[in-house]
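Accompanying notes for the structure given below.
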Amino acid sequence: MTDIPAVSTYSPPADLDRLRRNALLLAAIGFAVSVVGAVVDFEQFSRSYLVAWLYWLGIAMGCFGILMLHHLTRGGWGLMIRRVLEAASRTLLLLALLFVPIALRLADVFVWARPGAGEDPLIAHKSWFLNQPFFILRAVGYFAVWGVLVFALTRLSLRQDRTGDPRLFRRMQSVAAPGMGIFALVGSLAAIDWMMSLDPHWYSSLFPIYFIGGQIVAGMAFTIVMVRYLSDRPPLESVFSAQHFHDYGNLLMAFVLLWSYFALSQFLIIWSGNLAEETVWYLERQQGMWKWVSFSLATFHFSVPFFMLLSRRLKRNIGSLVRVAFLLLVMRFIDLYWLAAPTFEHGHFSPHWLDLATLLAVGGLWVAIFVQELKKRSLLPIQDPYFEEALDA
């Protein structure tokens with residue numbers, strides 16, 4: 001059994017305030033540079049901002065999906081990281097507000113939103129779905145649905161902390177069960193709207209689950225990084241065991257495998273079908289520098305993490321596991337950039353300094369709000385009926 005400190009609550013460490021200040025400082029620098037970039041080239045700013053926003057949204061949504069998976073399975077692995085998952089999920093309000101700049105300048109990013117786009121027969125055929133009012137209305141609906149689910153789960157979790165009612169974990173399961181289906185459906189529609197519709201001439205029935213799979217990888221990788229941060233500081237410095245890290249490593253490996261399966265399946269189906277309107281999307285990503293980006297995704301988003309995570313010793317060492325998680329967080333941004341940028345530049349590879357500036361701006365603010373949410377509750381749900389079992393893992 002792990003040597004657990006004799007405490008009745010697990011209050012967040014004071015170091016979180018310093019992390020929040022540093023995040024806000026990075027956000028201020030990123031926003032200042034982004035404002036300059038927006039003045040110089042607002043269209044480029046909008047494109048970079050969309051990718052940055054989708055990256056941090058992906059981490060939040062990935063954590064939300066893992067949170068519901070935890071409630072469904074009742075695994076001790078999830079109970080130990082529930083507060084991290086809940087805090088990340090509660091940043092959805094911030095992300096909804098950060099969607100406003102995108103909504104105000106849709107034509108800078110989406111071809112179908114530009115004047116005269118209806119002259120294209122294919123875009124005209126999809127205009128009942130791809131039009132600005134309906135697009136914005138759907139986005140509001142997505143965040144409303146996600147918000148209701150997040151509010152329901154985190155409210156029940158808070159009530160459990162206050163009352164210790166053993167029946168509440170069943171109620172959380174009853175929310176998570178349909179919530180997983182709703183998460184998949186709404187997330188699929190959001191993936192079509194916010195990423196696949198960048199090229200309205202291309203489509204893939206597998207793209208939504210590929211996109212959601214990437215979010216789950218990002219959420220798990222971020223959670224592992226936060227576990228390392230918290231486990232180095234009291235009161236959690238002697239709470240997490242090697243078995244906990246091993247479980248997180250297994251989950252991360254499973255999610256990497258799922259993402260890779262979806263990516264490979266989509267590629268094989270489209271490539272074997274050999275339809276011009278579908279294969280051109282991949283052809284753009286196999287030319288010039290983009291072919292090396294594609295190769296890096298296959299190597300560092302799948303091969304290297306997968307073979308590293310096969311090692312039991314690595315998964316039981318939080319330092320080594322965090323290095324794999326950091327690698328995957330980097331590759332998640334590269335994957336999103338690989339999905340979006342060739343469409344913007346018609347296959348040309350032309351990274352811009354605004355890509356980094358907007359990533360820091362949105363990310364710094366997101367991390368600051370995440371830390372603020374994490375500080376609101378005990379780091380462990382000590383009133384959960386499975387709490388002692390989870391500690392003994």
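When the chain is treated as a GNM with alpha-carbon contacts under 10 Å, the residue of 158, 137, 380 showing the greatest mean-square fluctuation is 137. With each label modelled as a point 7 angstrom along the Cα→C-beta vector, the residue 182-residue 24 pair spans 3.4 nm. Quick check for you: which residues of the range 98-132 have the amide N under 17 Å from the point 7 Å beyond the Cα of residue 345 toward its beta carbon? Label zone hits: 109. Would the range 1-98 count as rounded, prolate or oblate if I go by the C-alpha gyration tensor, calling it rounded below 1.5 in a/c and otherwise prolate when a/b exceeds b/c, oblate otherwise? Judged from the Cα gyration tensor, the range 1-98 comes out oblate (a/c at least 1.5, b/c at or above a/b).
What is the helix-to-structure angle for 15-40, meaning the angle in degrees between its Cα long axis and the longest Cα principal axis of the chain, kept from 0 to 90 and rounded to the nearest 10? For 15-40 against the chain, the angle is about 10 degrees. Residues of the range 320-341 with the amide nitrogen closer than 20 Å to a label point 7 Å from the Cα of residue 232, along Cα-to-Cβ, please. Residues 320-330 fall inside that zone.
Springs join every pair of Cα atoms under 10 Å in this Gaussian network model of the chain, and among 295, 207, 151 the largest mean-square fluctuation is at 295. Pairing the Cα long axis of helix 353-374 with the longest principal axis of the chain, what angle in degrees results, from 0 to 90 and rounded to the nearest 10? Compared with the principal axis, the helix lies near 30 degrees. Values of log10 I(q)/I(0) for the range 48-167 across q = 0.22 Å⁻¹ run -1.22, by the Debye formula with one identical scatterer at each alpha carbon and no solvent. Between residue 32 and residue 201, the contour length at 0.36 nm per residue exceeds the Cα-Cα span by 57.3 nm.
Which angle between 0 and 90 degrees, to the nearest 10, do you get for helix 207-231 versus the longest principal axis of the chain when only C-alpha atoms count? So the inclination is approximately 40 degrees.
Using C-alpha pairs under 8 Å with a sequence gap of at least 6, the mean separation divided by the residue count of the chain gives a relative contact order of 38 percent. The shape of the range 131-249 comes out oblate: with a ≥ b ≥ c from the C-alpha gyration tensor, a/c is at least 1.5 while a/b does not beat b/c.
Shape class of the range 265-375 from the Cα gyration tensor (axes a ≥ b ≥ c, square roots of the eigenvalues): oblate, since a/c reaches 1.5 or more and a/b does not exceed b/c. Given that just one value was derived from the coordinates, which of (1) 28, 27, 22; (2) 36, 22, 21; (3) 47, 24, 20 is semi-axes √(5λ) of the Cα gyration tensor in Å? Recomputing semi-axes √(5λ) of the Cα gyration tensor in Å here picks out (2). Once the C-beta distance of residue 268 and residue 389 is scaled by a Förster radius of 56 Å, the resulting FRET efficiency is 0.85 to the nearest 0.05. Using 0.36 nm per residue and subtracting the Cα-Cα separation, the extra length available between residue 261 and residue 40 on full extension is 75.5 nm.
Under the criterion of Cα pairs below 8 Å and six or more residues apart, the relative contact order for the range 257-393 equals 23 percent. Taking the alpha-carbon distance from residue 291 and a cut-off under 16 Å, which aspartates and glutamates remain once sequence neighbours fewer than 8 residues away in the same chain are dropped? Within the straight-line limit of under 16 Å, residue 291 reaches these aspartates and glutamates: 335, 345.
Highest GNM mean-square fluctuation among 58, 364, 164, for the chain modelled with Cα contacts below 10 Å: 164. Normalised by the number of residues in the range 75-193, the average gap of Cα pairs under 8 Å and 6 or more apart makes the relative contact order 22 percent.
FYI, it's all coordinate maths here, none of it is from the lab. Just so you know, these numbers come straight off a predicted model, no measurement behind them. When we count neighbours, we look across all protein chains shown, and the Cβ atoms used for this are built from the backbone with ideal geometry, even at glycine.
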